[in-house]
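Enquirer: Structure in structure tokens, see below.
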Amino acid sequence: MPIDRILALGAAAADAQFDQLWVTDNLVNRDPFVVLGALAGIVDIRLGTAVSVQYLRSPLLLAMSAITVSEVMDGRPLVIGLGAGNPFTGRSIAVPRQAAFMRETATLLRRLWAGEEVVSDQFPLIAGYFHLAPNATFALPAPAAGPLRLFGGGNGPRGLALAGELLDGLIFGWRSLLEARLGTLAEKLQVVDQAAASAGRDRVGRVMEVKVSVAEDGESAREFVRSHAAATLVVSLRRRGYGDEQLSRLGIDPALVTVLDTALAAGARADELDHLVTDAMVDATFVAGDPAQCRSGLAQVVEIAHDHGFDQVILSELGPDPLESIGLIREQLDVVTPALLPTAQETAQET
């Protein structure tokens, strides 16, 4: 999506009274920090990355990019989500020791943002990966103009524990909805809370992501998921360790997942596989349909967020027409969130 389109969507979201804009970071996207800087100049709401891929740019450059964007934000907080990328990132770049790499990245960022000087030898994984000179010292030329927060995007056991131990919060990705349906979300969040308690820290922030496709023509919204996303997302579930029993509980035929996996590995495009995507696959990965259908799905999302102590919900994808989706989603949220999240909203503002 070109940046002028992204800026138009950002302005529309701000006008619709959304609280925060998050930008993603993949090799097929526009540079997230260029986008954040441009957004900061036209919208007066919070910004963040969900997530910044820790292997795509050195934390030295990431630290500099963050303080530069901060200067454009007039004191508003900037949240940097950290993560290893999607399950397919490893096809293009090496992704070693994801949790340990995130620990070094987060520690280095915090020290630089605190005005400290850091030495490359103290961060062996980063120094080796980004070819930093031995015993080199680094410091930032200026402090951030506003608060900088670090949220962890790792949703495996080590990533969850790291968020509780070290970071300001957790971004639980698009699988939050299906984890809740499987009854495993509370257990995973407990890992965060236990790590925070062991580190002597208070509760850390929680953000959940949900993918949404909504249109007046509900079938076009569901077709968007079938043609653009569902096959890849369902295959990614298996690659993240979801077994046949879990897939079956979501109504997904494991044999079909194997067929999709084989086809994608052979180079097939998602839109060439849409005839294999079932309604269960669509509903496991998205809230999708016409406004009435999505009202029910969003009501469930709000209830899950409330029951599991989330401070914020990220609505991502916004197919098939993002501009139309922003307006329709706002209308539905006015219906389904009468008073469910006041405490969470206050917590989000405090954090």
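Enquirer: Filter the chymotrypsin sites (Phe, Trp or Tyr not before Pro) in segment 108-152 to those in DSSP coil with at most 16 other Cβ atoms within 10 Å of their Cβ, and list the result.
Expert: Here the sparse-neighbourhood loop sites are PHE130.
Enquirer: Can I ask one more? Given the options PRO77, PRO143, PRO322, state which has the largest fluctuation in a GNM of the chain using a 10 Å cut-off (strictly under) for Cα springs.
Expert: Maximum among the listed residues: PRO143.
Enquirer: Computed FRET efficiency, Cβ-Cβ of SER248 and ASP31, R0 41 Å: what is it to the nearest 0.05?
Expert: In this case the efficiency is close to 0.50.
Enquirer: Dipole of segment 230-285, Cα-centred, from +1 at each Lys and Arg C-beta and -1 at each Asp and Glu C-beta, to the nearest 20 debye?
Expert: Details: 5 positive and 9 negative charges, 56 e Å.
Charge dipole, segment 230-285, about its Cα centre: 260 debye, nearest 20.
Enquirer: Out of the DSSP beta bridges found with both residues in the chain, what percent are antiparallel (nearest 5)? It would help to have the intermediate numbers written out before the result.
Expert: On the way: 2 of 32 bridges.
If we restrict to bridges inside the chain, about 5 percent are antiparallel.
Enquirer: Arranged from highest to lowest average of other beta-carbon atoms within 10 Å per residue, in what order do the peptides 21-34, 307-320 appear?
Expert: The densest-packed peptide leads the list: 307-320, 21-34.
Enquirer: In whole Hz and in residue order, list the ³J(HN,Hα) couplings for segment 78-84 that follow from phi through the Karplus curve 6.51 cos²θ - 1.76 cosθ + 1.60, θ = phi - 60°; x for Gly and Pro.
Expert: Taking θ as phi minus 60°, the curve returns 10, 9, 9, x, 10, x, 8 Hz for segment 78-84.
Enquirer: Right, next: Output wanted: per-residue J couplings in Hz (rounded whole) for segment 290-307, from phi through Karplus 6.51 cos²θ - 1.76 cosθ + 1.60, θ = phi - 60°, x for Gly and Pro.
Expert: Values, residue by residue: 7, x, 5, 5, 6, 4, 5, x, 5, 4, 5, 4, 4, 5, 4, 4, 5, 5 Hz.
Enquirer: Still on this structure, I have one more. I need the phi-derived Karplus couplings for segment 276-281: 6.51 cos²θ - 1.76 cosθ + 1.60, θ = phi - 60°, integer Hz, Gly and Pro marked x.
Expert: Per residue, the Karplus-derived 3J(HN,Hα) values read 9, 7, 8, 4, 5, 5 Hz.
Enquirer: Amide H of GLY205: which non-local residues (sequence gap of 5 or more, or other chain) have their own amide H closer than 5 Å, using H built in the peptide plane?
Expert: For GLY205, the qualifying residues are GLY169, LEU170.
Enquirer: Could you work out how far the C-alpha centroid of segment 28-92 sits from that of segment 231-245, in angstrom?
Expert: After rounding, the separation between the Cα centres reads 28 Å.
Enquirer: Hey, can you grab everything whose amide H is under 5 Å from the amide H of ARG149? Only 5+ residues off in sequence or another chain; H modelled, so Pro and N-termini drop out.
Expert: Those lying under 5 Å, H to H, from ARG149 are LEU78, VAL79, ILE80.
Enquirer: Tell me what the chain gives for mean residue ellipticity at 222 nm when only DSSP H runs of n ≥ 4 count, each as -39,500 (n - 2.57), the sum divided by the residue total, rounded to 500 deg cm²/dmol.
Expert: -15000 deg cm²/dmol
Enquirer: Oh, and also: Taking the Cα centre of the chain as origin, work out the dipole magnitude from +1 charges on Lys and Arg Cβ and -1 charges on Asp and Glu Cβ, in debye rounded to 20. Let's see the in-between values first.
Expert: Numbers: 28 positive and 43 negative charges, 244 e Å.
Using only the charged Cβ atoms, the result is roughly 1180 debye.
Readers should treat all values here as calculations from the given coordinates under stated rules, not as data from a laboratory. Here the structure is a predicted model, which means the values were calculated and not measured. In this analysis, Cβ positions are derived from the backbone assuming ideal geometry, glycine residues included, and neighbour counts consider all displayed protein chains.
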